[in-house]
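The values are calculated or read from the model by the stated rules, or taken from the named source; none is laboratory data. Note that the coordinates shown come from a computational prediction; the quantities given were computed from them, not determined experimentally. All Cβ positions, glycine included, derive from the backbone under ideal geometry; neighbour counts span all protein chains shown. Just the protein is used for accessible areas: all its heavy atoms, side chains included, with ligands, DNA and RNA removed. Shrake-Rupley method; radii C 1.70, N 1.55, O 1.52, S 1.80 Å.
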Amino acid sequence: MSADEFDQPIDALDHHDLAREVRKLREEVEALRAEYESQQVEIEQLRGDLQRERRERKDAEEELKKERTQQIARAKADVREDVQDLHDTVVDEQQTRSRADAQLKHRVNELADAADVEVTDDDLIEKDRLVRLVRNGPEDVTDRIYPVHERARALLEHADDWGRVVSDANGYRVVYTAPDVRLFLNAYFDRTFKSSEIKRVFEKIEGLAETSPRTVRKDKTRKGEHVLTVELTVDGHIFTADG
């Protein structure tokens, strides 16, 4: 069939030409259907690839999140273990020092008894760690020096100015309150101190005085302010009148 024959109206075609035209159209339709089906198969494959890629990406993200969570958990566990180790070391050091101080006190009392000399609490206070901290520095009371030791030393050195000296039937003592102390520490060290830092200074002084006959106590006011009370000598000093 020539090109001109395709331009002829259908009613002008004879039976054979019409049959060929129908077959040709069927072939084109089948070809289009096959191409469509092929494209549908390809689309389904691409859709499957996309879904698989999304699942793999989600699985990878979940795995990464899980790994990061485990890393954080391990890091926290390591930190807790390090803190516990440090705490155990500090406790061991405190116990060792407490035993040493107790043994020293016992030895002093034995020597005093042998020499028929009375050793008073004031005599022992002169040798306590608070006295050594102020007179000789942190290196005389600890093997590991931290800023809190210097702050504690400054607090004890300025008891008359930074604290409130009380004298009554219970004896002499100086009372430090965190709000007042903060002002002096801020000016002395030229920085701003947090309440938690002042609390640690109070706790450090209380800890250093554990084996001393001197009474040192850390409390809180009704307003929740930290307070430190340090016993003074009979003449109202941290040490002695000439200390």
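Given the conditions (1) buried (at least 16 other Cβ atoms within 10 Å of the Cβ); (2) among the small types (Gly, Ala, Ser); (3) modelled with pLDDT of 90 or more, which single one is not true for SER195?
Going through the list (1) buried (at least 16 other Cβ atoms within 10 Å of the Cβ); (2) among the small types (Gly, Ala, Ser); (3) modelled with pLDDT of 90 or more, SER195 breaks only (1).
Would you mind stating whether ARG164 is under 13 Å from ARG214 (Cβ atoms) and either touching a His at 6+ places or on another chain (Cβ under 6 Å) or basic (Lys, Arg) (or both)?
Against the criterion (under 13 Å from ARG214 (Cβ atoms) and either touching a His at 6+ places or on another chain (Cβ under 6 Å) or basic (Lys, Arg) (or both)), ARG164 does not qualify.
Being open to solvent by 70 Å² or more (accessible area, probe 1.4 Å) and part of a loop (DSSP other than H, G, I, E, B) narrows it down to one residue among GLU203, GLU210; which is it?
Exactly one residue qualifies, and that residue is GLU210.
Kindly indicate whether GLU225 is surrounded by fewer than 19 Cβ atoms within 10 Å (Cβ to Cβ) and at pLDDT below 85.
Here the answer is no, as GLU225 does not meet what is asked.
Limited to the range 155-166, what total is found for residues that are surrounded by fewer than 16 Cβ atoms within 10 Å (Cβ to Cβ) and touching a helix residue (DSSP H, G or I) at 6+ places or on another chain (Cβ under 6 Å)?
Of the residues in the range 155-166, 1 are surrounded by fewer than 16 Cβ atoms within 10 Å (Cβ to Cβ) and touching a helix residue (DSSP H, G or I) at 6+ places or on another chain (Cβ under 6 Å).
Take the conditions under 26 Å from the mean Cα position of the chain (by Cα) and either in a helix (DSSP H, G or I) or charged (D, E, K, R) (or both) and apply them to ASP143. Does it pass?
Yes.
Of LEU64, LEU25, LEU124, which residue is surrounded by 10 or more Cβ atoms within 10 Å (Cβ to Cβ) and at pLDDT below 65?
Exactly one residue qualifies, and that residue is LEU124.
Being modelled with pLDDT of 90 or more, surrounded by 12 or more Cβ atoms within 10 Å (Cβ to Cβ) and farther than 20 Å from VAL227 by Cα narrows it down to one of PHE189, PHE184, so name that one.
PHE189
Say whether the condition of being modelled with pLDDT under 90 and in a helix (DSSP H, G or I) is met by at least one residue in the range 160-172.
Checked against the condition, which is being modelled with pLDDT under 90 and in a helix (DSSP H, G or I), the range 160-172 yields at least one hit.
Residues of the range 167-179 being surrounded by fewer than 20 Cβ atoms within 10 Å (Cβ to Cβ), more than 18 Å from THR192 (Cα to Cα) and in contact (Cβ under 8 Å) with a residue 24 or more places away in the chain, which ones?
Across the range 167-179, the qualifying residues are SER167, GLY171, TYR172, VAL175.
Quick check on my filter: what residues within the range 129-154 are polar (S, T, N, Q) and either surrounded by 13 or more Cβ atoms within 10 Å (Cβ to Cβ) or touching an Asp or Glu at 6+ places or on another chain (Cβ under 7 Å) (or both)?
Scanning the range 129-154 gives a single hit, THR142.
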